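For reference, the structure is listed below as structure tokens.
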Amino acid sequence: MITLNKREELEWHEGLTVQDILKQKTFTYPHIIVSINGAVIDHDAYAETLIPDEADVRVIHLIAGG
Amino acid sequence: MKVLAYDAQKCTGARECEVTCAQTWFKVQDVAKSSIRISVKDDGFAAQFCIQCGKCIEVCPTEALYYNKQGIVLLKKDLCVGCMSCVGFCPYGVMYFAPEEALAFKCVACGQCVKACPQEALKIVELDEASTDVWNLRF
Amino acid sequence: MTNKIIRHVLAEFPYQTPRIERGYANQTLYVNVGTGEIKAKPVSDEMKLKFTGGKGFDLWLLWHAVHDDTKWDSPENEIVISTGPCGGITQYPGSGKSLVTTVSPTTEIITDSNAGGHFGPLLKFSGWDAIEVQGIAEKDVMVIVDAIEGKVTIEEMPDAPNDTHLLGRWLYDVLAEKPQEKYYIAMVSAGTGAEHSLLGCLNFSLYDRKRQDVRYKQAARGGPGTVLRQKHIKALVVRAQPFKGDANHPADMERIARVGADIQREIATWDSVQNRMRNRGTSYLVEIMSDYDLLPVNNFKFGSHPQARDINGAYWETRVTQGLPDGCWYGCTVACAHAVDGFELQTGPYKGHKVIVDGPEYETIGAIGSTCGIFDPDAILELNFYCDTYGIDTISYGNTISFLMECYEVGILDQEKTGGLELTFGNAAASLEILHQLARGEGLGKIAALGVRKAKTYVIEHYGADPQFVQDIGMENKGMEYSMYMGKESLAQQGGYALTNKGPQHDEAWLIFMDQVNNQIPTFEDKAEALHYFPMWRTWFGLCGFCKLPWNDVVDPKNSKSAEPAKIPHHVQNYVDIFSAVTGREVDINEIIAMSERVYNFQRVFNIRLGKGLREHDYPPYRGVGPVTEEEYESRRERYDQQLREWLGLDPDAMTLQEKMAAHRHYRTERYERLMDAVYERRGWTRNGVPTVEKLKALGIDFPEVLAVVEKKLRAED
């Protein structure tokens, strides 16, 4: 299990990447900040960054709406 | 098209071009008013100046920028409203802004720096199309 | 052409344009189209200090113009327009906004709305920080501020067309003695729709040099176009002198240029890989909102639709003309003001004409598109064009049609009542027909012309509709129709919409991601803090002449490493720099918030003075809070059932659908009450939503007439 945004529990599996989570949650908004256990992940590293089990994952969407 | 060209091998960093440009167009010695900027590199010197690519013409909302018959991008001062679109969108960072006049300025290949350079490292050349090759041309 | 045009001058006021100093002309223009009185009013230092400009100036002038019982159509009601001290700066993108205020025909309180276009900046460069127009003319008139001739006139021009796209071309031809003079002309107009409807918008023009045609941006919320036409004003016009990039004579041009160069490079670097505003404008939001269940579909019943991709940003990128500098004011390289060129109209009085369609913007696509179940881009363009030229607010119109569509689908309306129209969701032809009826003042168009709140009353009184159901589904608060975001799963956004001064427009706060997705503001106190900070921060743009988009729609990724990324600190600093550099008044973020708090609280008191602005006016319709119908519940049953388990410890499997819906309703409405308490407390208001005397004193807006309004209300509460 991993925790998403301090609220939601998501299944964990070996090889789970940041990109997998974004796809699963349909997080398509481009202005986001992803962190795993407090460490910010670079935008271009989402596909290869593995998420460890029990991780505290935050996907912070920056504000929108003019 | 007519465009300024620079031979890095000849340049000794005298910076006469910067002073001459500022003096010619703004009547000041301040090189922040020069449209050509010389920088020091590990292996010598480099120059930045407009290659007349015309990208700024596309982003200008007042049609103040245009190509003249010789292929040089010029600014109609009476149409410029100082909006800096061209400054931010110049791919090479060689469009400048003069706050006290609220006007953009750039190299117009006038050739004054060519005359001023003691090493003959600058030259006005004719090209078929705009190219960054002019920043390091052997002549 | 000029010689043949009849110009009957009713009143004339000569003036000399003063030098603009540090963003201010230091005078405002008063025009009474009823009496013909025209005069200049000085701007005091206190006015600048306490009300800044823009909406602040508007409200201060309007406060002194109206009475406690002024209605939207009273002669003393005014349309007031001001840009603000930074308005007209060309070195920072999004610095040409105009703010309009008036007593609204739909909300019957103060409405404020903003638009791009050139009117506000050119008005200031012509010597006026604001224009207030009072009175009702006998026949249609123009108000012309002519800085070249040095006079302000009220004129009858009987040959002038009415609908904006014709009027603009006509007027620019009449007023420009040489073609280049068109660059410096701007006008504010409405159209035939605004004459027959409460949903009238104002079109703010700009001359597009590349297209060699007049373009328009809209200040639409709350019906200011209706007020314009009720005053028998066809257009407010400014004919300015050519100007330079330092026309505001700022205190520190070098500082402005430094910040300007930074933001221009940031946009040049990042926009193309982020929202691509330069290629498609705000329409990029359509698919994203659909992905997050936030795109209103079928009168806000649903939040997504597979056909959203037919009208998403990628589609509009192929449709709007590319490669043009589509800023609505000079220097705006966010350039969201795109247009479809050469669009051939299929319906209405201009059928067969090829026209420019400005936009479509996200809100318009949502309102006349998805929330009406319409996903046909050509229909959206046609509706958009006609709304604009008729002078109709697309957001209010779309909401009203979607409300009527739902009334039709549940049987409140039938074909007899619609004049034969099959008014189901998705029927674009019906929406277009009603729009043309509205402009003619006929048929079902007369009900659509009322807006959602008054249409509710109409169907209750005339067709026996269930008042509770109608109240639940009609997407309005305070009489203003909702902008295009679903707030059902974000309590903070429910407040962001309804705990507002003018009504549910998201210009005060857009908190859905922070709240619903990011879980960054979980407690009532957190939400209340956000509903303090963001409305104040966002109000400030409208005091200065700024657009909000360059603040948050293109951002260097370095922002993600900042302490509070949602606030975009490096852009906040840009605004601190620009304001300080223009006015010479050195500010920080705290002073920015304080500037807004003064104006925000003043507007709240103004609404109380007009008999509203209290807790009872701050409730959203339940459609904006939770599932009204079984169909809505079922569409998200998994989510709602899970919430019953997690939030309320209930077992949905042991409950009927009605019980489940009732449990949700009880829980959600009770939480909204608690949010109100927390927000009012944070804002320094009583539980009834009244600013306290202490708060007004602390803000320095304890003018006797302001205190009198509040003290009277507080005495009544005791």
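The values are calculated or read from the model by the stated rules, or taken from the named source; none is laboratory data. Everything numeric here is computed off the predicted structure, so don't read it as measured data. Reconstructed Cβ throughout: ideal geometry from the backbone, glycine too, with neighbour counts over all protein chains shown.
Annotations for the structure displayed:
- None of C:Ser396, C:Ser402 is touching a Phe, Trp or Tyr at 6+ places or on another chain (Cβ under 9 Å) and not assigned by TED's automatic domain parsing to the domain that holds C:Gly116 except C:Ser402.
- Any hit, the stretch C:533-551, residues being surrounded by fewer than 21 Cβ atoms within 10 Å (Cβ to Cβ), over 25 Å from C:Gly222 (Cβ atoms) and among the hydroxyl-bearing types (Ser, Thr, Tyr): no
- Out of C:Arg221, C:Arg265, sole residue that is over 22 Å from the mean Cα position of the chain (by Cα), of a type outside the set (A, V, I, L, M) and not assigned by TED's automatic domain parsing to the domain that holds C:Asp358: C:Arg265
- From the list C:Gln494, C:Gln471, the lone residue that is buried (at least 24 other Cβ atoms within 10 Å of the Cβ), modelled with pLDDT of 95 or more and at negative phi is C:Gln494.
- Helices (runs of 4 or more DSSP H) fully within the stretch C:499-597 that include at least 2 residues being more than 14 Å from chain A (Cβ to nearest Cβ): C:524-544, C:569-583.
- Screening the stretch C:270-317 for residues that are within 11 Å of another protein chain (Cβ to nearest Cβ), assigned to a loop (DSSP other than H, G, I, E, B) and in contact with an Asp or Glu (Cβ under 6 Å, 6 or more places away or on another chain) and picking the one that is surrounded by the fewest Cβ atoms within 10 Å (Cβ to Cβ) gives C:Ser304.
- Residues located in the stretch C:262-286, provided they are hydroxyl-bearing (Ser, Thr, Tyr), touching a residue at least 60 places away in the same chain (Cβ under 8 Å) and closer than 21 Å to B:Cys83 by Cβ: C:Thr269
- Candidate set from the stretch C:54-88 (those that are of a type in the set (S, T, N, Q) and either more than 18 Å from C:Gly545 (Cβ to Cβ) or not assigned by TED's automatic domain parsing to the domain that holds C:Ile131 (or both)); member that is surrounded by the fewest Cβ atoms within 10 Å (Cβ to Cβ): C:Ser74
- Within the stretch A:28-62, tally of residues that are at the interface with chain C (Cβ under 8 Å from one of its Cβ atoms), assigned to a loop (DSSP other than H, G, I, E, B) and touching a residue at least 24 places away in the same chain (Cβ under 8 Å): 3
- From the options C:Gly88, C:Gly54, residue that is closer than 19 Å to C:Lys548 by Cβ and within 14 Å of chain B (Cβ to nearest Cβ): C:Gly88
- Selection status of B:Met84, within 14 Å of chain C (Cβ to nearest Cβ) and closer than 27 Å to B:Lys10 by Cα: no
- Filter result for the condition that a residue is out of contact with any Lys or Arg (no Cβ under 7 Å at 6 or more places or on another chain) and surrounded by fewer than 22 Cβ atoms within 10 Å (Cβ to Cβ), over C:Val554, C:Val587: C:Val587
- Yes/no for C:Val237 being under 20 Å from the mean Cα position of the chain (by Cα), closer than 22 Å to C:Gln134 by Cβ and of a type in the set (Val, Ile, Thr): no
- Residue that is nearest to the chain's Cα centre (by Cα), among those in the stretch C:40-67 that are in a loop (DSSP other than H, G, I, E, B) and not small (Gly, Ala, Ser): C:Thr52
- Failed condition for C:Gly689, given (1) closer than 30 Å to C:Tyr640 by Cα; (2) not in a helix (DSSP H, G or I): (1)
- Filtering the stretch C:219-256 to residues that are charged (D, E, K, R), assigned to a loop (DSSP other than H, G, I, E, B) and at the interface with chain B (Cβ under 9 Å from one of its Cβ atoms) leaves C:Lys244, C:Asp246, C:Asp252.
- Sole residue being over 26 Å from C:Pro550 (Cβ atoms) and either in a loop (DSSP other than H, G, I, E, B) or away from every other protein chain (no Cβ under 12 Å) (or both), chosen from C:Gly323, C:Gly352, C:Gly327: C:Gly352
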